[in-house]
Protein chains: 2
Amino acid sequence: MPKIDLSQVPVRTGSSYPAKYSDRMAGRSGQGVGDAGGLTQFGANLVRLAPGALSSLRHWHEKQDEFLIVTEGALTLIDDTGETPLVPGDCCAFPANDGNGHHIVNRSDRDGVFLVVGTRTETETGWYSDIDMKVEVAGGKMRFTRKDGSDVG
Amino acid sequence: MPKIDLSQVPVRTGSSYPAKYSDRMAGRSGQGVGDAGGLTQFGANLVRLAPGALSSLRHWHEKQDEFLIVTEGALTLIDDTGETPLVPGDCCAFPANDGNGHHIVNRSDRDGVFLVVGTRTETETGWYSDIDMKVEVAGGKMRFTRKDGSDVG
């Protein structure tokens, strides 16, 4: 059955970031709807942001294209150009290696939801725009370091 | 600017199917929002279906994962398992080579809209479930034939 039964898709909360940054992800939850439907070539995730929550720390990808569409609520895109309000139906595209760190924040007083799609690649490096951190992904594992490769601490 | 200005994205109508099938696509329009945002690794298209319109002839892909989320209206998924109603927020996944021909139809009395995402590959073959046709894609061109490779006529 191609339709995804959202009530059966696990809702992930918490953070994969190092401890010093992990509390910044409070209020974010996600459902891996692409994985639930058996897809492997790209990830498709429904992300819910409570008031005040962030989608991620502001970042960009070296290899992977990323795309999102807002489906509920009023959200704000923050990137190198500033802040852009988003409402349902609004779409954003983040080409691989564009160097434009981005994230979505919820400054409204009710939940906001978006679908985000990102290519899957064997390896990937992501760079965080506002802090001294990068992530290297290989073998399905994430390794966070400072930008010079030293321990995040 | 990552946010896509939908008013600036061309609205494509018509059909790329052979003449004998092309009139079946009346009432469908699409916007290539991923291309508009500079993405190359997957396609992301906003598709609008007027009452009575079809997303495509019912088909499945050999190589490309496909995913959709409904954003407006009331639509119907038709696949090998039957018919499934879809409302905004509903998601469907179609893994590559699953052999389950699918399309979306609008049986309501107002427009419906969905976002569909599909991997980009150098070559692809798609198979149509209800008619004697396949499509081979290479070099950005589509070649429609009967399933035995002969002319569609």
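The values are calculated or read from the model by the stated rules, or taken from the named source; none is laboratory data. All figures in this text were calculated on a predicted structure; none of them were measured in a lab. Positions of Cβ are backbone-derived with ideal geometry, glycine not excepted, and every protein chain shown enters the neighbour counts. These accessible areas exclude ligands, DNA and RNA; they are computed on the full protein's heavy atoms, side chains included. Shrake-Rupley method; radii C 1.70, N 1.55, O 1.52, S 1.80 Å.
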(message) Using alpha carbons only, how many angstrom separate the centre of region B:56-97 from the centre of region B:1-49?
(response) 16 Å
(request) For the protein assembly as shown, please report how many Lys pairs fall under 24 Å Cα to Cα, leaving out neighbours fewer than 8 apart on the same chain. (result) 17
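Below 14 angstrom from the Cβ of B:Asp35, what's the summed charge of the other residues (Lys, Arg +1; Asp, Glu -1)? Could you put the intermediate results ahead of the total?
On the way: positive: B:Arg12, B:Arg120; negative: A:Asp65, B:Asp5.
So the environment of B:Asp35 carries a net charge of 0.
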(message) Please report the net charge: other residues with Cβ closer than 10 Å to the Cβ of B:Glu72, K and R +1, D and E -1.
(response) +1
(message) With +1 assigned to the C-beta of every Lys and Arg and -1 to the C-beta of every Asp and Glu, and no other charges, what is the dipole magnitude of region A:6-121 about the Cα centre in debye, to the nearest 20?
(response) 400 debye
(request) Please report, as a whole percent, how much of the solvent-accessible surface of the protein assembly as shown comes from carbon and sulfur atoms (probe radius 1.4 Å). (result) 49 percent
(request) Give the calculated FRET efficiency between A:Val87 and A:Arg24 to the nearest 0.05, with a Förster radius of 35 Å applied to their Cβ-Cβ distance. (result) 0.90
(request) Just tell me how shielded B:64-71 is by partners: mean number of partner chain Cβ atoms within 10 Å of each residue's Cβ, no decimals. (result) 6
(message) Ordered shortest first, which distances in nm separate the 7 Å Cα→C-beta label point of A:Thr123 from those of the other copies?
(response) 2.9
(request) Provide a whole-number value for the mean count of partner chain Cβ atoms within 10 Å of the Cβ atoms in peptide A:32-44. (result) 6
(request) Give, ordered by residue number, each residue of region B:81-128 whose 1.4 Å probe accessible area is reduced by a minimum of 20 Å² on adding the remaining protein chains to the chain alone. (result) B:Thr81, B:Thr84, B:Gly89, B:Asp90, B:Cys91, B:Ala93, B:Pro95, B:Leu115, B:Val117, B:Thr119
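Full-extension gain between B:Glu62 and B:Asp130, please, as 0.36 nm times their residue separation minus the C-alpha to C-alpha distance.
Full extension from B:Glu62 to B:Asp130 adds 22.8 nm.
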(request) Might you work out the accessible area of B:Asp80 for me, using a 1.4 Å probe with all protein chains in place, and round it to the nearest 10 Å²? (result) 90 Å²
(message) So with the 1.4 Å probe, I'd like the accessible area per residue for region B:23-91, rounded to whole Å².
(response) 36 Å²
